[in-house]
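Every number here is computed from the coordinates shown, using simple stated rules; none is lab data. Predicted model, so just to flag it, every value in this text is computed and none were measured. Methodologically, a virtual Cβ is constructed for each residue, glycine included, from the backbone with ideal geometry; neighbour enumeration extends over all protein chains shown.
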Amino acid sequence: MTEAIANKTLVIPQLIVGLGNPEPKYDQTRHNVGFAAVDALSRSWRIPLAENRKFQGEYGEGFAPNGDKIRLLKPLTYMNRSGQAMQAVTSWYKLQPELVLVIYDDMDLPIGKTRLRLSGSAGGHNGMKSAIAHLGTQNFPRLRIGIGRPKGANNGNESGSVSHVLGRFSAAENQLMSLVLQFVVECAELSLKQGVEKAMNVCNSRSFENAEL
């Protein structure tokens, strides 16, 4: 009986969304690591993405390694309207918000660190503000990927922060991020197999900050 109740509370994502900005000029910028993560999932799980106007994004569906159906989405609405695309998919398939895993960049985490959570605030991230507004709750899982802060930056330096998130990783950082993205695929697979809460134990304890480059 206890096991049956425990199983009911498992949060197993059915839609994974990566946040970013469309247009080639934003490719491979720090703010687009959510896009890069979904691209990595798309390659690993062999789920092709194609533009879907109804869903206002690049969308694909297929089967994850656990055998369950999974949907992938990269909103093409620009970051501050990401929630529109999410709402389009969740409304169409009648998905509850807690079945949506959102992957995005976080300046408050150092490069090489990831953080998986079942819920939380937007933390000043415009894409997440839009997601919370359109899903009508902040109770949905999210995986944050650290992009660090600009060197010598203080929290009040708005323009420095903007140029940092819209800038590209250095060659050394790119090597580190390729390890991180492989790990993000592992975290997503764990979330699907065991539920987000169990996956948190692994995904929040590992860091690639000191990996040899």
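Out of these labelled values of Rg and Dmax of the Cα atoms in Å, (i) 17.1, 50; (ii) 19.3, 72; (iii) 16.4, 55, which was calculated from the coordinates shown here? Matching the structure shown: (iii). Note on the chain: helix-only mean residue ellipticity at 222 nm, from DSSP H runs of 4+ residues weighted -39500 (n - 2.57) and normalised by residue number, equals -12000 deg cm²/dmol. Here the Karplus relation 6.51 cos²θ - 1.76 cosθ + 1.60, evaluated at θ = phi - 60°, turns the backbone of the stretch 92-109 into coupling constants of 5, 9, 6, 8, 6, x, 5, 9, 9, 9, 9, 10, 7, 7, 9, 6, 7, 10 Hz, with x for every Gly and Pro. A dipole drawn for the stretch 2-203 from +1 and -1 charges on Cβ atoms has a positive end, and of 50, 73, 83 the residue lying farthest that way is 83. Couplings 3J(HN,Hα) of the stretch 132-144, computed from phi: 5, 5, 7, 7, x, 6, 10, 8, 9, x, 8, 10, 9 Hz, in residue order, whole Hz [Karplus 6.51 cos²θ - 1.76 cosθ + 1.60, θ = phi - 60°; x for Gly and Pro]. Only lysine pairs 8 or more places apart, or on different chains, with alpha-carbon atoms under 24 angstrom apart are counted in the stretch 1-102, and they number 8. Computed packing ranks the peptides 61-67, 77-83 as 77-83, 61-67, most packed first, by mean other Cβ atoms within 10 Å.
Comparing 138, 200, 118 along the charge dipole axis of the chain, the residue lying farthest to the positive side is 138, per the Cβ-charge model.
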